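The values are calculated or read from the model by the stated rules, or taken from the named source; none is laboratory data. Computed from a predicted model, the values in this text were never measured in an experiment. No Cβ is skipped: glycine too gets one built from the backbone with ideal geometry, and neighbour counts run over all protein chains shown. The area values use the complete protein model at the heavy-atom level, side chains included, leaving out ligands, DNA and RNA. Shrake-Rupley method; radii C 1.70, N 1.55, O 1.52, S 1.80 Å.
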Amino acid sequence: MYILPSSLCYNRISRKLRDAGDAGRNRCILQFAIMKHVYSSEQFTTGFITELFALTDKIRANPGDFQDALKGKVIATLFYEPSTRTRLSFESAAVILGAQVISTENAREFSSAIKGETLEDTLKVVEGYADVIIMRHFEDDSAERAQKVLSVPFINAGSGKREHPTQALLDLYTIYREFGRLNNLRVACVGDLLRGRTVYSLVKSMMLFENNSFIFIAPENSRIHADMKNKLNMSNIDFIETDMLDESILRKVDVVYMTRIQKERFDNEAEYLRAKGKLILTNKLVNCMKDDAIVMHPLPRVDEIDVEVDANPRARYFTQAHNGLWVRMAILAGYKNA
Ligand code: CP
């Protein structure tokens with residue numbers, strides 16, 4: 001079993017052993033300790049991912065064994081941006097594990113942020129009410145700031161344009177279940193790659209595994225950030241960039257990871273209109289892909305995947321969203337002793 005380095009290990013090993021001996025009362029044996037805060041995909045290691053997915057599979061096989069894992073805990077969800085999947089899957093995961101949830105789904109308007117309270121002050125107050133805080137925020141550095149001030153565990157549910165680490169974990173889990181591996185894969189990332197946090201977190205996570213390569217397909221004004229290209233170059237990882245989503249590319253890939261052109265993140269309407277509607281995945285294009293290739297999307301989609309693709313055997317985006325529940329249960333279960 002992989003053990004996290006002690007600096008990342010929130011639960012003490014001795015506690016884990018105690019819990020293993022306490023299985024009669026708790027009904028579940030957890031040998032997994034999550035890192036104290038999950039704020040960036042740059043924290044992940046191959047060992048952590050392997051161990052998390054082993055627990056995810058275990059929970060998925062016997063969810064009833066984990067129903068008391070977080071009994072007596074309170075989970076706070078603070079969302080300063082809209083969400084369907086991330087908030088509801090985390091809240092569902094918490095409830096299934098026996099925790100109770102307190103939530104503000106539009107914290108930008110309905111928390112005291114509207115009165116001028118700083119993010120740091122809000123978090124320092126909420127940590128008095130909850131054992132774990134899950135937050136989505138519109139600023140790129142919000143998760144970094146949160147983990148610096150919090151003494152209770154913090155999970156980043158999406159920060160600005162650069163990080164969505166738990167999305168990356170469920171994306172990796174979906175790929176892992178499909179291919180049985182996370183290496184030797186060619187992934188096409190398509191859409192608003194400049195402003196899309198899911199792609200940054202996914203690519204950084206896939207860089208941990210050998211021989212993965214990337215094709216970045218984006219409109220000219222939405223190309224992936226130079227920082228990401230520098231990281232890939234420094235690690236000698238193959239990638240190409242193009243603005244064409246065509247058969248010649250799709251024939252070669254194992255995964256096509258579509259993303260939305262994010263209207264809300266453009267500086268102005270004219271720039272958005274220049275990017276909108278340029279890259280649409282149709283059934284005709286998907287049928288050019290290898291038989292075992294898959295189509296993913298973090299969702300929500302607008303028009304970038306034709307609804308006719310939903311019935312294509314390569315479509316995995318709804319499975320991917322549902323996998324989020326199991327992966328987030330495993331993440332939260334790691335806070336059993338928080
Ligand atoms: N994929 C994702 O983050 O979806 P939501 O915005 O609905 O949470």
(message) Longer than 21 Å from Cα to Cα, which of 36/124; 204/276; 36/148; 204/229; 58/336 are they? Say none if no pair is.
(response) 204/276
(message) Probe of 1.4 angstrom, ligands and nucleic acids ignored: what's the accessible area per residue over the chain, in square angstrom?
(response) 43 Å²
(message) Given contacts defined as C-alpha pairs under 8 Å and at least six residues apart, what's the relative contact order of the chain, whole-number percent?
(response) 18 percent
(message) Heavy atoms of the protein only, probe of 1.4 Å, neighbouring chains included. What is the accessible area of residue 114 in Å², nearest 10?
(response) 110 Å²
(request) Just order 100-112, 208-220 by mean Cβ neighbour count inside 10 Å, highest at the front, would you? (result) 208-220, 100-112
(message) If packing is taken as the average number of other Cβ atoms within 10 Å across a peptide's residues, how do 321-330, 35-44 rank, most packed first?
(response) 321-330, 35-44
(request) Sort the following peptides by mean Cβ neighbour count (other Cβ atoms within 10 Å, averaged over residues), highest first: 227-238, 120-131, 182-193, 64-75. (result) 182-193, 64-75, 120-131, 227-238
(message) With a 1.4 Å probe and all protein chains left in place, how much of the accessible area of the chain comes from carbon and sulfur atoms, in whole percent?
(response) 49 percent
